[in-house]
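Note sheet for the following structure.
The values are calculated or read from the model by the stated rules, or taken from the named source; none is laboratory data. This is a predicted model, so every value here is computed, not measured. Counting neighbours? That spans all protein chains shown, and the Cβs are built from the backbone with ideal geometry, glycine included.
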């Protein structure tokens, strides 16, 4: 079957076409088309993502991304034009000015591709951004007469981390997933495919958010994660001395929750209005990264011990962090966990993307909504995985 997937939860507009052969989780997958537009350069001047600007950019780029994915997949050509009720399309896309016209123009040029179902992120994420993808999926479902599958963004990250480009790993259960991004820091227990239990989460800032805030304190551009990591790596290579001893929040709290606001505050007090030299910026970036990764690994280790995990999964945008990847990989080589499977996403699939949405959609084919039923689909900014 051919799945078209749509991801607009934050500041990436992504559309993929993935061929799935077989049943989840043993299917073979082939990515036929994969298009992504990143808004990072647009939001950089603001130091973070503005939801309404993100929405505007999704409206402007979702049809071009669809066209790019369709062309990559080789699905262009003459096809029947299918159902076309312009008044209904205008109603479905009333919140997205100009998108109906873009879609109708695309429809006139390309007709109906042989898509079997549409997967779309409906949460968690920024609701103005989510609505663009959801309403676009509803309109496509009407035009093409295909079902819509709502997808949890965080489940997509989990599946992307066990995807090798053509199939999912033979995952050993129970498994613990550490999900780290700008909006989430969670530990999720999986006892089988599709069965999730939230066992730990941040009580304030997500770790990705903390990276961005500390980067701003250090005068580094957005997004902060890569900037912090680059300077931290430079500090290690130069063996720079510790700038400040930073706390490891909630390290001994007795639970699996996180807190990163205190760590950010400690960095602010450490700077104390002074002008830092380049080496001091590098050293403080390393001190912060070491503290954050230390806490993440300690909590993950405790989760593995508590639940007898046979495997661990790292997912989310912060999964691209080299220090964190190295530290988690090392868990599978320690004497304490000699048989622990460690699953990391490729760098390309660490950040938000639509391939992961296609995988999650395939996992939930039974949750497909008819084009009429999909009209009731809503954005859920705080959608939970468990």
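Of all residues in the stretch 303-348, how many are assigned to a helix (DSSP H, G or I) and within 27 Å of residue 236 (Cα to Cα)?
16
Out of the stretch 7-24, which residues are touching a helix residue (DSSP H, G or I) at 6+ places or on another chain (Cβ under 7 Å) and not in a strand (DSSP E or B)?
If the condition is that a residue be touching a helix residue (DSSP H, G or I) at 6+ places or on another chain (Cβ under 7 Å) and not in a strand (DSSP E or B), then 8, 9, 10, 11, 24 are the ones that fit.
Among residues belonging to the stretch 196-218 that are farther than 19 Å from residue 251 by Cα and out of contact with any strand residue (DSSP E or B) (no Cβ under 9 Å at 6 or more places or on another chain), point out the one that is surrounded by the most Cβ atoms within 10 Å (Cβ to Cβ).
Ranking the qualifying residues of the stretch 196-218, first place goes to 214.
Quick one: residue 312 ticks every box in (1) out of contact with any strand residue (DSSP E or B) (no Cβ under 6 Å at 6 or more places or on another chain); (2) under 19 Å from residue 189 (Cα atoms) except a single one, so which number is it?
Going through (1) out of contact with any strand residue (DSSP E or B) (no Cβ under 6 Å at 6 or more places or on another chain); (2) under 19 Å from residue 189 (Cα atoms) one by one, residue 312 breaks only (1).
Restricting to the stretch 144-163, count the residues that are at negative phi, in the same structural domain as residue 104 (by TED's automatic domain parsing) and not in a helix (DSSP H, G or I).
Qualifying residue count for the region: 7.
Yes or no: residue 55 surrounded by 18 or more Cβ atoms within 10 Å (Cβ to Cβ), in contact (Cβ under 8 Å) with a residue 24 or more places away in the chain and under 21 Å from the mean Cα position of the chain (by Cα)?
yes
Of the residues 129, 141, 137, only one is outside any strand (DSSP E or B), in contact with a helix residue (DSSP H, G or I) (Cβ under 8 Å, 6 or more places away or on another chain) and either more than 28 Å from residue 25 (Cα to Cα) or in the same structural domain as residue 320 (by TED's automatic domain parsing) (or both); which?
129
Just wondering, is there one or more residues in the stretch 219-239 that are surrounded by 14 or more Cβ atoms within 10 Å (Cβ to Cβ), within 21 Å of residue 317 (Cα to Cα) and touching a strand residue (DSSP E or B) at 6+ places or on another chain (Cβ under 6 Å)?
Checked against the condition, which is being surrounded by 14 or more Cβ atoms within 10 Å (Cβ to Cβ), within 21 Å of residue 317 (Cα to Cα) and touching a strand residue (DSSP E or B) at 6+ places or on another chain (Cβ under 6 Å), the stretch 219-239 yields no hits at all.
Please verify whether residue 385 is within 15 Å of residue 159 (Cα to Cα), buried (at least 16 other Cβ atoms within 10 Å of the Cβ) and outside the structural domain of residue 49 (by TED's automatic domain parsing), treating the condition exactly as stated.
Judged against the criteria, residue 385 is a match.
Answer yes if at least one residue in the stretch 52-59 is in contact with a strand residue (DSSP E or B) (Cβ under 7 Å, 6 or more places away or on another chain) and either over 30 Å from residue 221 (Cα atoms) or assigned to a strand (DSSP E or B) (or both), and no otherwise.
no
Give the number of residues within the stretch 1-32 that are over 15 Å from residue 117 (Cβ atoms) and buried (at least 24 other Cβ atoms within 10 Å of the Cβ).
Matching residues across the stretch 1-32 total 7.
Please go through (1) outside the structural domain of residue 25 (by TED's automatic domain parsing); (2) under 19 Å from the mean Cα position of the chain (by Cα) for residue 326 and return the number of the only condition it doesn't satisfy.
With respect to (1) outside the structural domain of residue 25 (by TED's automatic domain parsing); (2) under 19 Å from the mean Cα position of the chain (by Cα), residue 326 is out only on (2).
Do we find a residue being in a loop (DSSP other than H, G, I, E, B) and modelled with pLDDT of 95 or more anywhere in the stretch 353-362?
yes
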